[in-house]
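Remarks on the structure that follows.
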Amino acid sequence: MAELSREVPILSFQQQLSAEDYAQSALIYENTLFPFRRFWVRAGICICAAVLTASTIPWYLSRFATGFVPACAVVFFLALALFFWREQPRRRLHSAVLQFCNSRILRLPSKITVYKSGIELENEVETLSEYWTDFSGCVEGQHYYVLWGGMSRPLLILKKSPLTPEEEKILSAHLRSTFAGRCRLENGGRFQ
């Protein structure tokens, strides 16, 4: 990994993650990689199941003279949709905040240096050097770049706030060209 430091850096900046930064980035990662974990997808599936179950009520009434079973199923699916809509995002964010709070290393201010073939993260406890080939993919959000699958950290979060607009364009263009088809936008799209 010493070879990275021999390269001329493309970009260098300081950042310090907060619990909210980490939680929002983890949510972006999960929503990008696992679309069926999105709260609105699960809630939509439950609402569709409730509508389909409600459509069986006339049949139940003609066969069994009661629509109690499908009515209970409709209420269950609607309650499940409400759970996915309201509770799932809150619980996922809370879980990510707990993960952040349990890791002292994630809270430390870090110096990030971006090279052509990799990235280096330095703080008072550790120095991580990762090649771009070590990462599985990248997602560009409105406020963050989230890289996953690294050897040292499962998620590497790069905040956009310490970057100037010019530096942000340079980093964005570099990540797009480096990750090619593995770099996505937060809303699920891919770069052209």
Just need a number here: residues in segment 161-182 that are assigned to a loop (DSSP other than H, G, I, E, B) and surrounded by fewer than 18 Cβ atoms within 10 Å (Cβ to Cβ). 3
Of the residues in segment 124-180, those that are among the acidic types (D, E) and either within 20 Å of A26 (Cα to Cα) or within 18 Å of the chain's Cα centre (by Cα) (or both) come to E130, D134, E140
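Looking at segment 134-160, which of its residues are open to solvent by 60 Å² or more (accessible area, probe 1.4 Å) and either within 23 Å of R37 (Cβ to Cβ) or touching a residue at least 60 places away in the same chain (Cβ under 8 Å) (or both)?
S136, Q142, H143, P154
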Given the condition in contact with a Lys or Arg (Cβ under 9 Å, 6 or more places away or on another chain), of a type in the set (A, V, I, L, M) and either open to solvent by 10 Å² or more (accessible area, probe 1.4 Å) or assigned to a strand (DSSP E or B) (or both), answer yes or no: does some residue in segment 126-133 qualify? yes
Filter result (within 36 Å of the chain's Cα centre (by Cα) and open to solvent by less than 50 Å² (accessible area, probe 1.4 Å)) within segment 66-79: A73, V74
Evaluation of Y60 against (1) surrounded by 14 or more Cβ atoms within 10 Å (Cβ to Cβ); (2) modelled with pLDDT of 90 or more; (3) over 25 Å from I157 (Cα atoms) (one fails), failing number: (2)
Inspect segment 100-114 for any residue being without any contact (Cβ under 8 Å) to a residue 24 or more places away in the chain, over 20 Å from E186 (Cβ atoms) and either of a type in the set (S, T, N, Q) or in contact with a Gly (Cβ under 9 Å, 6 or more places away or on another chain) (or both) and give the result as yes or no. yes
Restricting segment 19-57 to residues that are surrounded by fewer than 17 Cβ atoms within 10 Å (Cβ to Cβ) and hydroxyl-bearing (S, T, Y), the one nearest to the chain's Cα centre (by Cα) turns out to be S55
Quick check, is V97 of a type in the set (A, V, I, L, M), at pLDDT 90 or above and touching a strand residue (DSSP E or B) at 6+ places or on another chain (Cβ under 9 Å)? no
Residue under question is S95, and the condition is that it be over 18 Å from Q24 (Cβ atoms), assigned to a helix (DSSP H, G or I) and of a type in the set (S, T, N, Q); does it hold? no
I'm trying to understand the selection: among the residues of segment 1-35, which are touching a helix residue (DSSP H, G or I) at 6+ places or on another chain (Cβ under 7 Å), part of a helix (DSSP H, G or I) and of a type in the set (A, V, I, L, M, F, W, C)? A19, A23, A26, L27
Could you grab the pairs with beta carbons closer than 6 Å, sequence gap of 6+ or different chains, first residue in segment 50-77 and in contact (Cβ under 8 Å) with a residue 24 or more places away in the chain, second one open to solvent by 80 Å² or more (accessible area, probe 1.4 Å) and assigned to a helix (DSSP H, G or I)? A50/L78
Going by what's in this entry, would R63 be described as within 19 Å of the chain's Cα centre (by Cα), part of a helix (DSSP H, G or I) and either within 30 Å of L128 (Cα to Cα) or of a type outside the set (V, I, T) (or both)? no
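The values are calculated or read from the model by the stated rules, or taken from the named source; none is laboratory data. As the structure is a prediction and not an experimental result, all values here were calculated from the model. Backbone-built Cβ (ideal geometry, glycine too); neighbour counts: all protein chains shown. To get the accessible areas, we keep the full protein, side chains included, count just its heavy atoms, and leave off ligands, DNA and RNA. Shrake-Rupley method; radii C 1.70, N 1.55, O 1.52, S 1.80 Å.
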